[in-house]
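Single-structure report; data block below.
The values are calculated or read from the model by the stated rules, or taken from the named source; none is laboratory data. No experiment lies behind these values; they were computed from the predicted model shown. Glycine also receives a Cβ, built like all others from the backbone with ideal geometry; neighbour counts cover every protein chain displayed. We work out accessible area using only protein heavy atoms, side chains counted, and drop any ligands, DNA or RNA first. Shrake-Rupley method; radii C 1.70, N 1.55, O 1.52, S 1.80 Å.
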Amino acid sequence: MKRIGILSDTHSHWDDKYTLYFIDCDEIWHAGDIGDISLLERLEAIGPKVRAVSGNVDHGEVRRRCRELEIFTIEGVKVLLTHIGGYPGKWAPGMQKLLREENITLMIDGHSHILRVMYDPQLQLLHINPGAAGRQGWQKKRTLVRLTIDGTDMRDCEVIELA
């Protein structure tokens with residue numbers, strides 16, 4: 001069983017609440033637009049494994065360390081982590097084909113700053129966009145997501161609003 005902390009679109013903004021909410025997680029996943037590399041280093045200092053992808057505003061060391069797309073398996077779940085991916089019914093070009101070919105069961109992305117947790121019955125996958133954890137952008141609420149993955153069971157999906 002793994003507890004996962006998920007965030008996106010920090011745009012270099014650090015909030016000590018990231019530590020508060022992710023300290024008990026086994027992994028932290030950042031879906032891009034990290035900003036400064038120091039933010040990624042601070043997430044790594046929390047302790048668990050950090051997986052991160054670069055976003056459209058990332059550059060320099062972040063771009064050198066983080067690919068645009070990661071596909072991996074955790075427990076029994078095949079995951080695709082990227083920054084720009086769309087969502088069920090409005091996938092980015094080529095994404096639906098990739099999700100199908102790779103037999104993805106959990107797709108995580110960011111970019112829109114819009115929190116979404118949706119099931120795609122056609123592809124039989126769960127899509128999560130954790131919204132934006134940073135202050136840059138138009139969103140009114142900053143959000144994080146926590147999720148438990150136990151074998152192929154994904155449960156206890158929790159949306160956290162940051163004041």
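At a glance:
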{"quantity": "Only listed residue being closer than 14 Å to His30 by Cα, open to solvent by 20 Å² or more (accessible area, probe 1.4 Å), outside any strand (DSSP E or B) and basic (Lys, Arg), chosen from Arg63, Arg100", "calculated": "Arg63"}
{"quantity": "Cross-chain or 6+ apart pairs with Cβ under 6 Å, region 119-147 first and closer than 13 Å to Ile160 by Cα, then open to solvent by 20 Å² or more (accessible area, probe 1.4 Å) and among the aromatic types (Phe, Trp, Tyr)", "calculated": "Leu144/Tyr21"}
{"quantity": "Count - residues of region 115-140 that are open to solvent by 60 Å² or more (accessible area, probe 1.4 Å) and over 24 Å from Asp150 (Cβ atoms)", "calculated": "5"}
{"quantity": "Residue among Ala132, Ala92, Ala31 that alone is at pLDDT 95 or above and within 25 Å of Met1 (Cα to Cα)", "calculated": "Ala31"}
{"quantity": "Candidate set: region 71-94, residues that are closer than 18 Å to Arg155 by Cβ and part of a loop (DSSP other than H, G, I, E, B); chosen: the one least open to solvent (accessible area, probe 1.4 Å)", "calculated": "Gly76"}
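Each row is one residue, and each column tells you yes or no for (1) farther than 21 Å from Asp153 by Cα; (2) not in a loop (DSSP other than H, G, I, E, B).
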{"position": "Gln96", "(1), (2)": "yes, yes"}
{"position": "His113", "(1), (2)": "yes, no"}
{"position": "Tyr119", "(1), (2)": "no, yes"}
{"position": "His127", "(1), (2)": "no, yes"}
{"position": "Gly137", "(1), (2)": "yes, no"}
